[in-house]
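Read-outs throughout are calculated quantities, based only on the coordinates presented, and are distinct from any laboratory measurement. Quantities reported herein were computed from a predicted structural model and do not represent experimental measurements. Neighbour counts run over all protein chains shown; Cβ positions are idealised from the backbone, glycine included.
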Amino acid sequence: MEFDESFWDERYRQHGQHGSVWSGEPNAQLVAEAADLTPGSALDVGAGEGADAAWLARRGWRVTAVDISSVALARAAAAVQDEPETAARITWQHQDLTVSPPPAGTFDLVSAQFLHLPAPLRDGVYGRLAASVAPGGTLLIVGHHPSDLDTSVRRPSTPGLLFTAEEIAASLDPEEWEIMTCASRPRSASDSDGAPVTVQDAVLRARRRA
């Protein structure tokens, strides 16, 4: 299966008839890792319906929220239209980062939450995301840990799509980056039958040396 623009547009259209695709709450690991950061400029990669971007903007961040789906971005913008101060801090940007990278050395925070790509493509995209972090800024990458495949929760089975925090950390030059968090962090979830299950989030937070 190819998770391209048409796939995501169709998924958001289908769920738009019955509600949101996601919970409407910011991702737990973003909240855990970014709550203590001084607000500045942020790049929210794979912004979806905008919960992370809105959370950051409410805390004073100037957010560039990027997604491959224009349907998702329209829904995200609508979700904050009654919060003019929040909306004013967010730029919604329709962009495919696999072909159009963000500007280098620009953002105080680059956050990619559950952006899963085939390994060769992921390495290139994540490398360009790291390059877009300004000196002294933070790179935060969170994903589904491969151990989730051993649970009853539904996960893509494409080889190499899931990753560990250690894999991402190993791709960063230690002379340029200080690893702040490199962990597999448990989180409560439900499988497709509604049964409770504990999943693991791969969490990598790194600070680019000034």
Inset, instruction - Determine, from the Cβ-Cβ distance of S41 and A77 and an R0 of 22 Å, the FRET efficiency 1/(1 + (r/R0)^6), rounded to the nearest 0.05. - result: 0.70
Inset, instruction - Quick one: work out the % antiparallel among DSSP beta bridges in the chain, nearest 5. - result: 50
Legend entry - 3J(HN,Hα) from dihedral phi, region 166-179, Karplus parametrisation 6.51/-1.76/1.60, rounded to Hz, x for glycine, proline: 5, 4, 5, 4, 5, 7, 9, 5, x, 6, 9, 10, 10, 7
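Could you tally the net charge around H145, taking each other residue with its Cβ under 9 Å from the Cβ of H145, Lys/Arg +1 and Asp/Glu -1? It would help to have the intermediate numbers written out before the result.
Working: positive: R185; negative: D148, D201.
Charge balance near H145 sits at -1.
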Inset, instruction - Give the distance, in whole Å, between the Cα centre of region 112-128 and the Cα centre of region 24-99. - result: 19
Inset, instruction - Tell me which residues come under 5 Å, amide H to amide H, from G40 once H is placed; ignore anything under 5 positions away on its chain. - result: R62
Inset, instruction - May I ask you to list the residues of region 142-158 whose amide nitrogen lies under 16 Å from a point 7 Å from Cα along the Cα→beta-carbon direction of D191? - result: 147-157
Legend entry - Inter-site label distance for F114 and E85 at 7 Å from Cα along Cβ, in nm: 2.9
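Going by how many other Cβ atoms sit within 10 Å of their own, how do E49, E83, E167 line up, fewest first?
Values: E49 26, E83 14, E167 19.
The order, fewest Cβ neighbours first, is E83, E167, E49.
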Inset, instruction - Could you pull out every residue, at least 5 positions away or on a different chain, whose amide H is within less than 5 Å of the one on F114? Hs are placed 1.01 Å off N in the peptide plane, and Pro or chain starts have none. - result: V142, G143
Inset, instruction - Based solely on C-alpha atoms, express the radius of gyration and the Dmax of the chain in angstrom. - result: 16.4, 49
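Stokes-Einstein at 25 °C, 0.890 mPa s, Kirkwood radius from Cα pairs: D for region 107-184 in µm² s⁻¹?
Numbers: Rh = 13.3 Å.
The calculation lands on 184 µm²/s.
Taking the Cβ-Cβ separation of A28 and A210 as r and a Förster radius of 35 Å, what is the calculated FRET efficiency to the nearest 0.05?
Values: r = 29 Å, r/R0 = 0.82.
For R0 = 35 Å, the calculated efficiency reads 0.75.
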